[in-house]
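Written out below as structure tokens is the structure these notes cover.
The values are calculated or read from the model by the stated rules, or taken from the named source; none is laboratory data. Predicted, not measured: the structure shown is a model, and the values here were computed from it. Note that each Cβ is placed from the backbone with ideal geometry, even for glycine, and that neighbours are counted across all protein chains shown. These area figures cover heavy atoms from the full protein model, side chains too; ligands, DNA and RNA do not enter into them. Shrake-Rupley method; radii C 1.70, N 1.55, O 1.52, S 1.80 Å.
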There are 2 protein chains.
Amino acid sequence: MGVDADRYQVDERGQLARRSASWNIVHAVESGSDPQGAQSIQRAFTLLNLVAVMARDRPGGVSLAELARTSGRPKASVHRMLMALSQAGYVAQDADTSCYRLGFQATVLGELAGQSADRFGTAATDSLIRLSDLSADTTFLTVRHGSYAVCTRRQEGPGPIRNNALAVGDRHPLGVGAGSLAILSALPDQEIADVLAAHAGIRQRYPRYDDDTLWRLVRRTRADGYALNDGLFVPGSWAMGVVVRDTADQPVAALSIASIEQRLGEQRRAELALDLQREAAFTESNVAKVGMARVPAERSKDD
Amino acid sequence: MGVDADRYQVDERGQLARRSASWNIVHAVESGSDPQGAQSIQRAFTLLNLVAVMARDRPGGVSLAELARTSGRPKASVHRMLMALSQAGYVAQDADTSCYRLGFQATVLGELAGQSADRFGTAATDSLIRLSDLSADTTFLTVRHGSYAVCTRRQEGPGPIRNNALAVGDRHPLGVGAGSLAILSALPDQEIADVLAAHAGIRQRYPRYDDDTLWRLVRRTRADGYALNDGLFVPGSWAMGVVVRDTADQPVAALSIASIEQRLGEQRRAELALDLQREAAFTESNVAKVGMARVPAERSKDD
DNA sequence: GCGCAATGGTCCATATTATGGAACGCTTTT
DNA sequence: AAAAGCGTTCCATAATATGGACCATTGCGC
């Protein structure tokens, strides 16, 4: 740490967000359950996600050295995998700089995914637009995946404030971030305990999120009817979110609005909470129309 | 073969196209170069592509048995890989039917790919729309990937005729199909020979495309200035295409128009050829504006 | 109601496969 | 001129993926 820190000099908030997002991509899948004879596949997709997220705002692509450093794997292994990804068309290597970025198959896959893959995404589109419009802030759709929350949609608002703490593809443990916390809080206590236990090894990266804090946040979320991220993750960056349930009434996603502390006073929060809840209900009914879709939770063969 | 043939009863053309497309997905990567210690990764991505293409027009998803059959791999292996893909979020399993379809990460990847991954796609968008509009037929963008051509964009025309012989994600050997043939014909003779040699083991699946036929098609394409697929692949389904070059003057993509025999008489072909050539030039200049992007050719460490 | 043939899923000994330290050639920085 | 960085290749090693056999259910025909 510190070697590549100077890469992210844009602004203080963006930096923090970027760094931990990348780091998390790397360790998210690994800490899941037993790979059961598919370790190399997991590693390959983790690397693919890493390329995707790191190259997000670097048009030139990412260098092998950097990928190796960030992923923590030896150069040789990363290189071998990148060659495989490249031959599959999911990663392309710049002819001049030999840097890596997503390949055309990534686009094709997205195209083929279309509506069917991410029903919540399409169901929430209208809600996100409306919310961004009326709040003038940035809104997000976050979906649960095992004990993690992944940001799948981002809708910029018309206002001048841009919150860059979260971007499409970012992945954080359940509880970290407004939408993420909204999902976590909607789970039964036992499941929350499981999730927190699963994150035991990772929590060090989120120093402010110890178990007690998370339980406290969960209780507050349940009392308020919406999740509030009051700058715990990135100082000054506030956000609020509400859960979205699937047709089986499982909490699987969340709508959230991100802004800055000054724009989220108690009065405005009360208003926005109603808007969020209304749009969450709208999204839910929208999904119900299409049919049921559930993302399989991480296999918990624990003990 | 024959066991799952009844799955595709939609119409005669669609059926043929679907079947061979799926088959090809399976064998495309494998027959490439040496896996070099990344075999499982290649297999995993092949399976992912297969899920994507097979679930394309089956909203319910694809069953494990069918995937195993089509891919030719044992159930156990396919199942293990699907679990890995599922844990990565790239594949989702229907809770009720336990069928598989693309997961939300496929959408996220497509989103993150955005413009940068598939510059030809974005560069060609306008051209495709114009071509579909003026021809009232369906147009495609095809990109070269090694010795294969992959359809990355499809633009429906306003006309009543729908050609379903090609869809986004379909992958055929260079030379099979109008756009594919346009790319092949633009290569130097030596490289064409290499490509044909690489397909030696696969050609059996394309019975009408023996070496002699392909060389003949190449010569005709060069003479005419455009590639014509006169129903060789799917009887009655005709198409024409022209090559698109990158800034290094390499043939890397093609624009094509698909229709039926009756709508592609000699007179109309001459007109459309000019339109295609004009739009190809437009796309090329469009790409040049953004910057150079080349898809790495398959490593030919041959001999 | 009873086979029969599908299905999805699991197990585990086997050997095929991925692994990553070390070394190379190269360019850039010091 | 040395040092440090880069992308890339090699190869013995051991960890890994493999897939045949097996089980539990479900759906169908009779």
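Values for this structure:
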quantity	calculated
Residue B:250 vs. criteria assigned by TED's automatic domain parsing to the domain that holds residue B:141 and within 26 Å of residue B:125 (Cβ to Cβ)	yes
Residue tally, condition open to solvent by 30 Å² or more (accessible area, probe 1.4 Å), in a loop (DSSP other than H, G, I, E, B) and within 10 Å of DNA strand D (Cβ to nearest atom), over region A:60-93	2
Region A:148-189, residues that are assigned to a loop (DSSP other than H, G, I, E, B), surrounded by 24 or more Cβ atoms within 10 Å (Cβ to Cβ) and either within 14 Å of another protein chain (Cβ to nearest Cβ) or of a type in the set (Ser, Thr, Tyr) (or both)	A:166, A:170
Single match in B:133, B:118 (criterion: within 13 Å of chain A (Cβ to nearest Cβ) and of a type in the set (Asp, Glu))	B:118
Out of A:87, A:93, sole residue that is within 14 Å of DNA strand C (Cβ to nearest atom), closer than 20 Å to residue B:37 by Cα and in contact with a Pro (Cβ under 9 Å, 6 or more places away or on another chain)	A:87
Among residues of region B:207-240, those that are hydroxyl-bearing (Ser, Thr, Tyr) and part of a helix (DSSP H, G or I), counted	2
Residue satisfying condition, being within 16 Å of DNA strand D (Cβ to nearest atom) and touching a residue at least 24 places away in the same chain (Cβ under 8 Å), within set B:139, B:97	B:97
Qualifying residue in region A:114-136 (condition: within 19 Å of residue A:52 (Cα to Cα) and modelled with pLDDT of 95 or more)	no
Residues within region B:94-104 that are touching a strand residue (DSSP E or B) at 6+ places or on another chain (Cβ under 7 Å) and surrounded by fewer than 17 Cβ atoms within 10 Å (Cβ to Cβ), tallied	0
Qualifying residue in region A:106-113 (condition: closer than 22 Å to residue B:118 by Cβ, within 16 Å of DNA strand C (Cβ to nearest atom), within 12 Å of chain B (Cβ to nearest Cβ) and in contact with a helix residue (DSSP H, G or I) (Cβ under 7 Å, 6 or more places away or on another chain))	no
Check on residue B:50, at the interface with chain A (Cβ under 8 Å from one of its Cβ atoms) and either hydrophobic (A, V, I, L, M, F, W, C) or buried (at least 22 other Cβ atoms within 10 Å of the Cβ) (or both)	no
